[in-house]
Protein chains: 2
Amino acid sequence: MVRWEPGGRSRLQTAAVELFLAQGFEQTTAAQIAESAGLTERTFFRHFTDKREVLFEGQEHFQQVFVDGAAGPPRGEAPLVLVSAALARAADLFPQERREGARLRQRVIAANPALQERELLKLAGVAAALAAALRERGVHEPSATLAAESGLTVFTVAFGQWLAEGEERPLEQVVGAVLAELTTLARPGGNA
Amino acid sequence: MVRWEPGGRSRLQTAAVELFLAQGFEQTTAAQIAESAGLTERTFFRHFTDKREVLFEGQEHFQQVFVDGAAGPPRGEAPLVLVSAALARAADLFPQERREGARLRQRVIAANPALQERELLKLAGVAAALAAALRERGVHEPSATLAAESGLTVFTVAFGQWLAEGEERPLEQVVGAVLAELTTLARPGGNA
DNA sequence: GTCTATAGTGCGATAGAC
DNA sequence: GTCTATCGCACTATAGAC
């Protein structure tokens, strides 16, 4: 006989999304989530430093994919080429099967400013890591930061479109379209 | 005889910055700030919905300056021209005299992730409002969002540079330089 | 202005896995 | 023995309700 069931962490995450969807983030207490997963409140906070964090697992991996992706193209390529490569790798993380789950998660976040704050902080972290990767490839400031932030902007815009009702294209294709739009826009006289 | 000194709100803000600098954000309680301003904790939370908010006064005005700035150029101009106009107006909000105060505030924010989250949310709000203003001027999605987000990125990068040790140029000039860098970036083969 | 729920922390105890 | 996941209890501060 086991003292506790395995996978406490993922049970907490699943329970959290369900409860947040059913009754809202603020109306759901950490104790409720824990109970719903067969654990105690104290254990919830052992796994997640705060209540919001339960929705943001896997961010380190997401970030690393961007960083590694930027290391793909040969040295000397333009910053946006490196960013484009990173975006392609990041898009691979979200195949069709993940679309519906992503929609649920996004709905929870959209309904609560505190969760939006956390998401923005995570994205800013990815952008900072990507900028550092670009600097390692010889891109100077402020270009590195501009390119990295632009890349994350492209990703989030594309991701939102990917989650939209009726959107059928794979994420990589949407990312490509948005990136093309950005370069058009930034070219002097672009997209009047 | 007055029942209470005037300017409670700004006294709270001043006290908050001083205490946050001296002992850190988390180590400072709302009660301490209130006491330091000769008020009660309850009054603090009457003025500011949460502890972080005491550092983010005046955001509505900041946002409105961006929106109004984008309404300046004649209709039919390219999105980045509208954004450039908005950036110029926003830069005017920060003359030389505000540089030192801005440095202190930025130091407090840089030292605490919770404050960074709030700042990012505020900036996202400005970007969303600017994007809406661009759409009103006939810019379609996703260009409106891309242009607006890029504008805010340019502003924050420039603002950071403006606060750097040894930087002497006025903010508007730094903004112009960073914006020029962004357009260079998007040119094919640009800025390798 | 008071009262209260909840987030989040610190510390110690327990129990299984290795 | 060590390591790790769990629980239990006491505690503070935030923030909202009354």
Of A:GLY58, A:GLY69, A:GLY7, which residue is of a type outside the set (Lys, Arg) and within 16 Å of DNA strand C (Cβ to nearest atom)?
-> A:GLY7
Residues (in contact (Cβ under 8 Å) with a residue 12 or more places away in the chain and either assigned to a helix (DSSP H, G or I) or among the charged types (D, E, K, R) (or both)) located in the range B:163-175 = B:LEU163, B:LEU171, B:GLU172, B:VAL174, B:VAL175
Residue selected from the range A:41-65 under the condition aromatic (Phe, Trp, Tyr), surrounded by 15 or more Cβ atoms within 10 Å (Cβ to Cβ) and assigned to a helix (DSSP H, G or I), by the criterion farthest from DNA strand D (Cβ to nearest atom) = A:PHE62
Any idea how many residues of the range B:98-130 are closer than 28 Å to B:GLU168 by Cβ and more than 11 Å from every other protein chain (Cβ to nearest Cβ)?
-> 15
Unmet criterion (only one of (1) more than 10 Å from DNA strand D (Cβ to nearest atom); (2) more than 19 Å from B:ARG105 (Cβ to Cβ)) for B:THR29 | (1)
Flag for B:GLU60 being among the acidic types (Asp, Glu), within 14 Å of chain A (Cβ to nearest Cβ) and within 28 Å of B:ALA144 (Cβ to Cβ) = no
Selection from the range A:131-145 of residues in contact (Cβ under 8 Å) with a residue 60 or more places away in the chain, within 8 Å of another protein chain (Cβ to nearest Cβ) and assigned to a helix (DSSP H, G or I) yields A:SER143
What number goes with the only condition from (1) in a helix (DSSP H, G or I); (2) within 13 Å of the chain's Cα centre (by Cα) that A:PHE94 does not pass?
-> (1)
Residues that are more than 14 Å from the chain's Cα centre (by Cα), under 16 Å from B:VAL154 (Cβ atoms), more than 7 Å from chain B (Cβ to nearest Cβ) and not aliphatic (A, V, I, L, M), drawn from the range A:146-192 = none
Which ones in the range A:27-54 are within 14 Å of chain B (Cβ to nearest Cβ) and either more than 9 Å from DNA strand C (Cβ to nearest atom) or touching a Phe, Trp or Tyr at 6+ places or on another chain (Cβ under 9 Å) (or both)?
-> A:LYS51, A:ARG52
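Throughout, read-outs are computed from the coordinates displayed, never taken from laboratory work. Source: prediction; values computed, not measured. Please note: Cβ atoms are built from the backbone with ideal geometry, for glycine as well, and neighbour counts cover all protein chains shown.
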